[in-house]
Amino acid sequence: MKRVLIITDLPQIAEHLKAMVAREQDVELAGVQASAETGIAQASTEQTDIVIVDGLIQGKIKGREIAKRIRSTNPGTRIVLVTVPTKPEVPRPEEGVDAVFVLPGGANELTTAMGAQRSSRREGKGQMIAVYSPKGGTGKTTIAVNLACTLRRNGASVALVDGVMQFGSVRHLFEIPDTARSIIDLPAGAAMRASISEAVWEGPGGVDVLFAPPRPEQAELVSSTEIANAMSLLADTHDYVIVDTPVRLHEDTLPVFDEATTILLVITYMAATLATTRAAIDTFDALGYRGKKPILLVLNQADTNAGISRGSLEHTLNLSVVAEIPTDFKLIGDANNKHTPFVLMDPNAPASKAMGALATALVTQKRG
């Protein structure tokens with residue numbers, strides 16, 4: 001077990017780094033120090049295998065000087081310097097800096113910087129699909145629910161996670177009993193494994209559903225790392241884990257996207273949606289997701305193009321559309337109001353068949 005020390009004077013950076021370190025296997029947090037002096041002292045007196053140093057830390061002793069001092073007393077310690085894109089740095093092992101981690105990088109980048117290998121815990125696990133849209137009103141939640149039901153109808157074991165913690169989205173599309181449990185009922189950390197099967201609710205068509213907390217104020221009690229942990233645990237027992245994600249793309253939601261094996265971006269032909277989606281894709285690129293996990297476009301209300309062609313849309317976003325869902329306000333509105341997924345209400349409707357094509361595309365992509 002490797003011990004990791006974090007040295008930074010900014011609480012938000014400390015929390016971001018702590019959350020990512022907590023998700024690594026064979027790694028434990030040795031502590032967080034807000035001053036250079038106390039950080040150097042701890043690194044010098046305790047066993048610390050890795051020290052993450054804020055390169056922009058304030059005070060008389062700057063980031064690279066901290067690295068030099070730690071290296072002089074602990075030559076075997078790996079030191080990672082943290083910076084931002086506007087303040088580029090390069091590794092200089094001879095000066096104590098073995099690697100550089102650029103914020104707001106994700107868990108993959110931090111793992112590499114720490115000199116570790118990505119955990120193999122996903123081998124044999126189910127596919128974890130984050131369904132996301134940076135703009136409300138695209139039908140993201142409806143697609144997540146109906147995709148889960150379609151995959152289950154095709155014979156796969158499927159779990160559906162409501163990742164919208166504050167108000168929940170998935171629970172409003174089902175008629176659920178008052179006794180249904182939620183993620184708030186699960187213990188944090190390793191203890192979650194033994195309890196997660198008791199917290200899921202079997203929804204229509206046999207989909208296992210893990211709901212967000214029933215009350216908005218409970219959202220603060222669930223961290224995104226706990227959601228990511230629940231995703232991973234459900235992937236141990238299901239072929240697919242579908243996660244409906246919040247619109248907010250922030251450091252407090254990034255662990256969910258880090259854990260996901262595939263990101264489904266739900267878009268429409270509306271110009272505002274395309275603009276926000278382009279910005280989201282740029283963020284995913286900055287996090288290093290492209291090339292490491294599929295980022296796929298699902299075009300909702302595909303028959304309402306508003307003068308924009310599919311080709312121009314794909315060119316603008318530099319991604320390909322894997323499925324087009326046609327507009328059917330009556331079917332989808334009736335289904336949502338009756339708390340029944342539309343693919344179960346009318347499996348032969350064009351929208352339902354389009355969901356089948358999306359499920360097929362995901363199965364094909366997984367096998368590839």
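Fully extending the segment from Glu95 to Asn305, taken as 0.36 nm per residue of separation minus the present Cα-Cα distance, adds 70.0 nm. Taken about its Cα centre, the range 1-112 carries a charge dipole of about 220 debye when Lys and Arg each add +1 at the Cβ and Asp and Glu each add -1 at the Cβ. Select from Lys62, Lys18, Lys125 the residue whose mean-square fluctuation is largest in a Gaussian network model of the chain (Cα-Cα springs shorter than 10 Å). In this elastic network of the chain, the residue with the biggest mean-square fluctuation among Lys62, Lys18, Lys125 is Lys62.
Looking at the chain, the DSSP beta bridges with both ends there are about 5 percent antiparallel. Per the Debye calculation on the chain with a single equal scatterer at every Cα and no solvent contribution, log₁₀ I(q)/I(0) for q = 0.06, 0.07, 0.14 Å⁻¹ amounts to -0.26, -0.34, -1.13.
Between Thr283 and Asn154, the simple spin-label model (points 7 angstrom out along Cα→Cβ) gives 2.9 nm. Between 0 and 90 degrees, the angle of helix 11-22 with respect to the longest Cα principal axis of the chain falls at about 80 degrees. For the chain, the Cβ-based charge dipole about the Cα centre amounts to some 720 debye (Lys, Arg positive; Asp, Glu negative; other atoms uncharged). Based on Cα atoms of the range 235-294, Rg over Rh with Rh as the Kirkwood radius reads 0.98. Ranking Pro214, His315, Thr283 by how far each Cα lies toward the positive end of the dipole of the chain (charges on Cβ) leaves His315 at the top. Using only side-chain charges placed at the Cβ, +1 for Lys and Arg and -1 for Asp and Glu, the dipole size of the range 185-299 relative to its Cα centre rounds to 460 debye.
Would the range 173-307 count as rounded, prolate or oblate if I go by the C-alpha gyration tensor, calling it rounded below 1.5 in a/c and otherwise prolate when a/b exceeds b/c, oblate otherwise?
Values: a/c = 1.95, a/b = 1.55, b/c = 1.26.
Judged from the Cα gyration tensor, the range 173-307 comes out prolate (a/c at least 1.5, a/b above b/c).
Among Gly356, Gly139, Gly291, the largest mean-square fluctuation in a Gaussian network model of the chain (Cα springs under 10 Å) belongs to Gly291.
Nearest 5 is fine: what % of DSSP beta bridges in the range 167-301 come out antiparallel, could you say? Mind dumping the intermediate values first?
Numbers: 2 of 8 bridges.
Of those bridges, close to 25 percent are antiparallel.
Relative to its residue count, the range 14-56 spans a Cα convex hull of 74 Å³ per residue. The ellipsoid that matches the Cα gyration tensor of the range 130-175 has semi-axes, each √(5λ) in whole angstrom, of 19, 12, 9, with the longest given first. Comparing Arg78, Arg310, Arg152 in a Gaussian network model of the chain where C-alpha atoms under 10 Å apart are linked, the largest mean-square fluctuation is found at Arg310.
A simple spin-label model places pseudo-atoms 7 Å from Cα toward Cβ; at Asp346 and Thr327 they are separated by 1.6 nm. Between the residues Ile79, Val200, Ser169, the greatest Cα displacement towards the positive end of the dipole of the chain, with unit charges on the Cβ of Lys, Arg, Asp and Glu, is found for Ile79.
Summarising the label geometry, the points placed 7 Å from Cα in the beta-carbon direction at Lys292 and Lys353 lie 4.0 nm from one another.
Taking a straight line from the alpha carbon of Lys125, these lysines sit under 22 Å away, with near neighbours fewer than eight places off in the same chain left out: Lys292, Lys293, Lys366. Between the alpha-carbon centres of the range 35-78 and the range 176-205 there is a gap of 42 Å.
Suppose only helical runs count, i.e. DSSP H with n ≥ 4. What mean residue ellipticity at 222 nm does that imply for the chain under -39500 (n - 2.57) per run, divided by all residues and rounded to the nearest 500 deg cm²/dmol? Roughly -11000 deg cm²/dmol at 222 nm, from the helical runs in the chain. The range 317-350 and the range 260-280 have Cα centres separated by 18 Å.
Computed from the coordinates by the stated procedures, all read-outs in this text should not be read as laboratory data. Everything quoted here is computed from the prediction, not taken from an experiment. So basically every Cβ, Gly included, is an ideal-geometry build from the backbone, and we count neighbours across all protein chains shown.
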